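The values are calculated or read from the model by the stated rules, or taken from the named source; none is laboratory data. Because the structure is a prediction, the values reported are computed rather than measured. Please note: Cβ atoms are built from the backbone with ideal geometry, for glycine as well, and neighbour counts cover all protein chains shown.
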Amino acid sequence: MAWNEPGGNGNNQDPWNNGGDRRGGGKKDQGPPDLDEALQKLQEKLNGIFGKGGNKGTGGSGSNGSSAGFLAVVVVVILVGWAAMGFYTVDQQERGVVLRLGKYHETVMPGLQWNPPMIDEVITTNVTRVSAYEHRSLMLTEDENIVDVSMTVQYVISDPVNYALKVRDPNASLRNASESALRHTVGSSEMNSILTAGREVLGSDVKLRLQGFMDDYQTGLRITQINIKEAKAPSQVQDAFDDVIKAREDEQRSINQSESYRNGIVPEARGIAQRMKEEANGYRERVVAQAKGDAQRFTSLLTEYQKAPEVTRERLYLDAMEEVLSKNSKVLIDVEGGNNMMYLPLDKLVESRPRTSTGSTSGRLNSSELQDVTDQVIDQLRQRQQTTTREAR
């Protein structure tokens with residue numbers, strides 16, 4: 001029989017009664033279930049879970065027990081949420097600096113990590129990304145000239161602990177230190193080297209000095225590259241500097257041309273000098289040898305002259321005349337007792353003589369040919385003398 005049918009034992013079976021007749025003198029309650037009773041039951045279950053005994057039959061109001069159970073549930077929910085908030089992930093390119101109650105605790109590596117929320121603070125930094133900073137300003141060189149220098153600084157975070165904790169603003173420190181390093185290096189260099197070939201040396205010097213500043217400041221930054229993008233004179237005097245650079249280039253070109261000419265002419269002059277030395281040595285050897293030969297010949301001729309003076313003198317005369325006449329193509333002879341001077345064309349006589357076996361005539365007369373020419377001359381002289389005698393008679 002249903003609990004609410006007429007005549008039934010509905011009062012004992014009413015689920016909303018909650019034993020009100022036992023507590024309230026049998027008074028029936030047809031309202032909703034009591035909230036305090038539900039919280040009390042939940043508290044009893046929690047007490048059983050956490051090892052606390054039930055409080056049935058104890059004194060105290062049900063309202064206080066229900067409030068305690070609600071607070072326990074709230075505390076559990078808060079603890080679970082607090083623990084869930086402690087999970088985080090560190091990227092592969094990052095490192096995590098853990099601060100426990102504001103003090104450095106550890107450095108965590110990439111992966112899933114957990115730290116107590118509101119107790120530990122995690123600062124993540126990217127240690128592989130290359131950052132860049134550009135700086136440009138007018139600076140004074142060692143030789144008191146003004147140059148406009150523009151450079152780019154590339155850097156990475158090498159020490160995340162120093163980067164996060166030792167310096168308040170590492171990037172601002174880098175900007176200030178880079179300008180200081182650049183000004184110090186430019187102030188120790190001349191303008192010519194900065195504008196021309198010394199740009200790479202300037203970049204390396206600035207990098208070395210700037211890295212020293214970063215290490216002294218403990219910024220945790222590592223300088224990877226310094227690029228001197230531009231180094232020029234101020235725009236107000238750029239035209240004058242261009243003229244100076246052009247003149248310097250012309251000077252260098254002239255020097256290179258002179259070097260090339262010297263490299264070509266000096267070896268040639270040395271060769272000519274060496275050839276002249278060799279020719280002089282050859283001439284010296286020839287003259288010395290000829291002098292020795294003449295001296296030897298004179299000594300031999302002296303011996304022969306001492307033996308037969310007349311014959312030797314005549315032979316010397318004939319040799320001298322042969323040498324003189326062989327070099328002259330025309331001879332004039334004055335005939336003794338005559339009024340005419342005879343002209344002998346020796347060149348024509350040489351051309352008219354018989355050719356040699358080689359088909360050509362020699363430029364000089366040998367002894368037999370000279371004797372033939374002499375005989376012809378003597379015959380002509382005799383004939384002319386006879387003709388002159390006849391005419392005189």
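Residue by residue through the range 208-246, note down the ones that are over 30 Å from Thr124 (Cα atoms) and either modelled with pLDDT of 90 or more or charged (D, E, K, R) (or both).
Scanning the range 208-246 gives Lys229, Glu230, Lys232, Asp239, Asp242, Asp243, Lys246.
Is there any pair with a first residue in the range 111-140 that is within 30 Å of Thr185 (Cβ to Cβ) and a second that is aromatic (Phe, Trp, Tyr) and part of a strand (DSSP E or B) whose Cβ atoms are under 9 Å apart and which are 6 or more apart or on different chains, and what are they?
Val130/Tyr155; Ser131/Tyr155; Ala132/Tyr155; Tyr133/Tyr155
Does Gln306 meet the test of being out of contact with any Ser or Thr (no Cβ under 6 Å at 6 or more places or on another chain), part of a helix (DSSP H, G or I), surrounded by fewer than 10 Cβ atoms within 10 Å (Cβ to Cβ) and outside the structural domain of Val149 (by TED's automatic domain parsing)?
yes
Could you tell me which numbered condition Gly187 fails, if it satisfies all but one of (1) under 12 Å from Val147 (Cα atoms); (2) surrounded by 14 or more Cβ atoms within 10 Å (Cβ to Cβ)?
(2)
Out of all the residues in the range 103-157, which are hydroxyl-bearing (Ser, Thr, Tyr) and part of a strand (DSSP E or B)?
Selection gives Tyr104, Thr107, Thr124, Thr125, Ser131, Tyr133, Ser137, Ser150, Thr152, Tyr155.
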